[in-house]
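A.B. asks: Please read through the structure below; I'll follow up with questions.
The values are calculated or read from the model by the stated rules, or taken from the named source; none is laboratory data. Everything quoted here is computed from the prediction, not taken from an experiment. Each accessible area value is taken on the protein alone, full model and side chains, heavy atoms only, with ligands, DNA and RNA left out. Shrake-Rupley method; radii C 1.70, N 1.55, O 1.52, S 1.80 Å.
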Amino acid sequence: MTSCWANYHVFLAQLNGRTYRCSPTLDDAAFDQRMDGLRWKMPYHLRAFHTGDPKWAAENPVLRAAPLLPADIDRLLSASPLQPMRLKDKRRQETLAVRSKCGDYVLADTEDGYGQLYCVDGIASSLVTRLEAVPITLQEASAYIDRCHRHNAGPKFHKFSICLRVPGEPEPVGVAVASTPKARHQMNGETLEINRCCTDPRYADVCSCLYARTIRIGREMGYRRFLTYTLPEESGSSLRAVGFQPDGVTKASTAGWDSPSRPRNTAQYPAGEKIRWVFYA
């Protein structure tokens, strides 16, 4: 099949309310090659401009105003993930197989075979896939937490830290740090506190997987009671999923976290009330 009526073509994507230009101006051969790869089924949220006027293609205000998609369109339409992945569309309450992926952008399969483009943001959509545990040092875990955690800084001490990755992805998708309890009255020799759990929201179920693995490791070390804390506005759904139960509310410290002997950035160490959660192995 040949695009005989037009000589110039440009792909555009409509994602998360924004229009992106996905390609340079393509000639007939380059456009047909890409469409052949799609079996001439244009994915939802992807469209193409066609023209026979090269000046129009270069000067069209819609095309000029559209920012470039921060992903290679050829990889996005053809690069299969290294392992099976599924995409959760939270708005439509459906889960789709991922056909190809490039960075945060995926092409997910649809029942009619056309596929649909997504920008995975962890809010409207997220990815489900197998996660693998890899070694991580406290320094590396703390750096990840400093970079990614919503309201907490990385800890300075630990018993152990664990890290989860998606094969083929350069960055961790989550880390957890465990240590002896900070509160003295919780130190009974058999209690382990999970101080931090920090995850990439673009991947689903990472929090519950980290908590479950931390408990498994702690149980092998002899711990029988596990603690962690959340802010009142956090749902705790990941904790409930692995069996944690609320165990009271800790009051805010009158002195706060900051002190001359232990300086703290108060923005990274919330001083308000916290919900304490307990799990018994």
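A.B. asks: Please compute the contact order of the chain in relative form: average sequence separation of alpha-carbon pairs under 8 Å and at least six residues apart, divided by the residue count, as a percent. Don't skip to the end; give the middle numbers.
C.D. replies: Details: 550 pairs, mean separation 32.3, N = 281.
Relative contact order of the chain: 11 percent.
A.B. asks: To continue, here is another question. List the lysines whose Cα lies under 25 Å from the Cα of K182, skipping any in the same chain that are fewer than 8 positions away.
C.D. replies: Of all the lysines, those that pass the test against K182 - Cα under 25 Å, at least 8 places apart if same chain - are K156, K159, K251, K274.
A.B. asks: If I fit a long axis through the Cα atoms of helix 28-37 and take the longest principal axis of the Cα atoms of the chain, what angle between them do I get, 0 to 90°, rounded to 10?
C.D. replies: 50 degrees
A.B. asks: Also, I was wondering about something else. What Kirkwood hydrodynamic radius do you get for region 89-223 when you take the inverse of the mean 1/r over all pairs of distinct Cα atoms, in Å? Let's see the in-between values first.
C.D. replies: Numbers: mean 1/r = 0.0608 Å⁻¹.
In region 89-223 this quantity evaluates to 16.4 Å.
A.B. asks: For the chain, set up a Gaussian network in which alpha carbons nearer than 10 Å are linked by springs, and say which option among C197, C148, C207 fluctuates the most.
C.D. replies: C148
A.B. asks: By how many degrees, 0 to 90 and rounded to 10, does the Cα axis of helix 206-220 deviate from the longest principal axis of the chain?
C.D. replies: 40 degrees
A.B. asks: Right, another one. From the P(r) of the chain, can you give the percent of Cα pairs sitting at distances over 28 Å? Show your work: numbers first, answer last.
C.D. replies: Numbers: 19589 of 39340 pairs.
That tail contains 50 percent of the Cα-Cα pairs.
A.B. asks: Please compute the per residue accessible area over the chain with all protein chains in place, 1.4 Å probe, rounded to a whole number of Å². Write down the numbers at each step before the final one.
C.D. replies: Working: 15270 Å² over 281 residues.
Here the per-residue accessible area is 54 Å².
A.B. asks: Evaluate the relative contact order of region 1-150 (contact order divided by residue number), counting alpha-carbon pairs under 8 angstrom at least 6 apart; express in whole percent. It would help to have the intermediate numbers written out before the result.
C.D. replies: On the way: 240 pairs, mean separation 29.7, N = 150.
That works out to 20 percent.
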